[in-house]
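Some notes on the structure that comes next.
Read the figures in this text as sums done on the coordinates, not as results from a lab. This one's a predicted model, so the numbers in the text were calculated from it and none came from an experiment. Ideal geometry is used to build each Cβ from the backbone, glycine not excepted, and the neighbour counts take in all protein chains shown.
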Amino acid sequence: MPRFPRLAGIATAAVALAALAAAPTSAKEPTLTDPRVVEHFDFAAGQTPESIALEPDGSANVTFALARQVARLSPHHEPRVIAELPAVAGQNTPITETAVATGLVRAHDGTLYVNYATGTKLTGIWRISPKSHHVKQIACLPKNGFPNGLALDEHHGVLYSADSVRGTVWRVPAKGAQGHDCLKPKAWATGSKLERSAPPTGFVGANGLKVRHGAVWVTNSDKGLLLRIPVKKNGSAGKIQTRATGLTNVDDFAFTGRDDTILAALFTDNKVALVRPNGTHRVVLTAKDGLSNPSAVAVQGKTVYVTSPAFFTMQDPNLLLATLNKHHR
C-alpha cells in the first residue's frame, strides 16, 4: 500500500497550482483545484472508507465500513487500524445485510464516536478512547434500523445519529450511560422528509449529518434533499426546513466556511457538488478526478478530503484531496 502523503504540509504546492487556475464562476464562490487521489485501498479486504473525521495535524480517521474498522492515515506513516468493532453472529443488517461501521466524529480530546449497524443488539453508537483505543457501546439503537450519519455537539454534550431506514434522527448524551448500561435514546426528529422513498425504489433516507449554528443539518439520499432542523432552547427539534433539492443520492457533506455553502457527495453519480446557501448547486468533482461512489467530505483549512468506498463500482476505494480556494470570504 502506498505511503500516505504529508497532509499537514500539502497546501504549499497546491496553493501554487491554484494561482494558475482559471477564474472562478463567481467572485464570492469557493472553487476546487488540484484534485488528486492520495491513497488507494483494498476493496476485497473491506477497506471501504465510508466516513471521515480529521485530526488537528491533518491526519484522517476513516471507517472501513465492510471491515468494521476505524483506521488512521497519518503524515509520514502507513495507514493503521486503531480500532475494530466486534464481529457479529447471525447478522441481518438492513440495507447491507452485513455489519458495517458508518458515521464517525471526533471530540476535541481525541475521543472518536462511530455508528455501527449490525441487525443485532450491537447496533448503536460506539466510543473509541483516545489513548488505548478501547471500544465501548454507549447507545443501543434499534436493530431494525440503520444508523448512518453521526454528528457531535460538544457545547451541549450530545450526539445525533441519522437512521436511514427508520427516517429518524436520534439524540443521546455523548458521555453515555452510567455504569455498564447501554442508552436507549428517544427519537429527536422524525417526518416524511427524513424517510426513505416508497417501495420499490426506497433505499436510504436520512443519511449525512452535521451540527452548525444552532441547527442539525441532514441529507435524504432517496429524495435528494438537504434539510435543516433548528434546535430549540429546550433541546427539542424545530420544524424541518428544506434547504436544497435535486441532490441525487446525496450522502455526507461539509461546510466550506462561515456561510452555509457546502460540498456534498453524490455517491451513485460519482460526483461532489457545491451547494450554495440559496439551494442551487453545481458539480465540482467527478469520476474523472478519481471518485468511486464518494460518501463523505471533510474540510480543514484549504484542504478538502473526499472518501470513496466504491460500494457499487467495487473498484478503487480511495481518498481524494483537493484545494479549496475561498474568494472574498
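Some observations on this one:
- Net charge contributed by nearby residues that have their C-beta within less than 12 Å of Pro56 (K/R +1, D/E -1): -2
- Flagged links, alpha-carbon separation over 30 Å, of Lys175/Lys239; Lys121/Lys302; Lys175/Lys302; Lys131/Lys210; Lys193/Lys271; Lys175/Lys232: Lys121/Lys302; Lys175/Lys302
- For the listed peptides 202-210, 86-94, a ranking on the average number of other beta carbons within 10 Å per residue, highest first, reads 202-210, 86-94.
- 3J(HN,Hα) along the range 299-310: 10, 9, x, 9, 10, 9, 10, 9, 9, 10, x, 6 Hz, from the Karplus curve 6.51 cos²θ - 1.76 cosθ + 1.60 with θ = phi - 60°, whole Hz, x for Gly and Pro.
- When peptides 160-168, 40-48, 138-146 are sorted by average Cβ neighbour count within 10 Å, with the highest value leading, the order is 160-168, 138-146, 40-48.
- Cα lying deepest toward the dipole's positive end in the chain, options Leu263, Phe311, Gly191, charges on Cβ: Gly191
- Set against the 2.2 N^0.38 Å expectation for a compact globular protein, the range 7-325 has a Cα radius of gyration ratio of 0.93.
- The range 7-325, relative contact order [Cα under 8 Å, separation at least 6], %: 15 percent
- The length gained by stretching the chain between Thr268 and Thr190 to full extension, at 0.36 nm per residue less their Cα-Cα distance, is 25.5 nm.
- Full-stretch length increase - Ser129, Lys288 - with 0.36 nm per residue and alpha-carbon distance subtracted: 53.4 nm
- Here the peptides 111-117, 301-307 are ranked by packing, the mean other Cβ count within 10 Å, and the order with the highest first is 111-117, 301-307.
- Taking a Cβ cut-off of under 12 Å around Thr123, the surrounding Lys, Arg, Asp and Glu residues balance to a net charge of +3, with basic ones at +1 and acidic ones at -1.
- Dipole magnitude (debye, nearest 20) for the range 224-329, charges at Cβ of Lys, Arg, Asp, Glu: 620 debye
- Between the beta carbons of Glu154 and Lys121, assuming R0 = 41 Å, the FRET efficiency works out to 0.90 to the nearest 0.05.
- Between the beta carbons of Asp109 and Asp259, assuming R0 = 35 Å, the FRET efficiency works out to 0.75 to the nearest 0.05.
- Unit charges on C-beta of K, R, D, E only; dipole of the range 7-325, Debye: 1120 debye
- Projected area averaged over orientations for the range 253-329, convex hull of C-alpha atoms, nm²: 4.8 nm²
- Note, ³J(HN,Hα) from phi for the range 244-257, Karplus 6.51, -1.76, 1.60, rounded to Hz, x at Gly and Pro: 7, 10, x, 8, 4, 6, 5, 10, 7, 7, 8, 7, 8, x
- Summing Lys and Arg as +1 and Asp and Glu as -1 over all other residues whose Cβ lies under 12 Å from the Cβ of Ile95 gives a net charge of -1.
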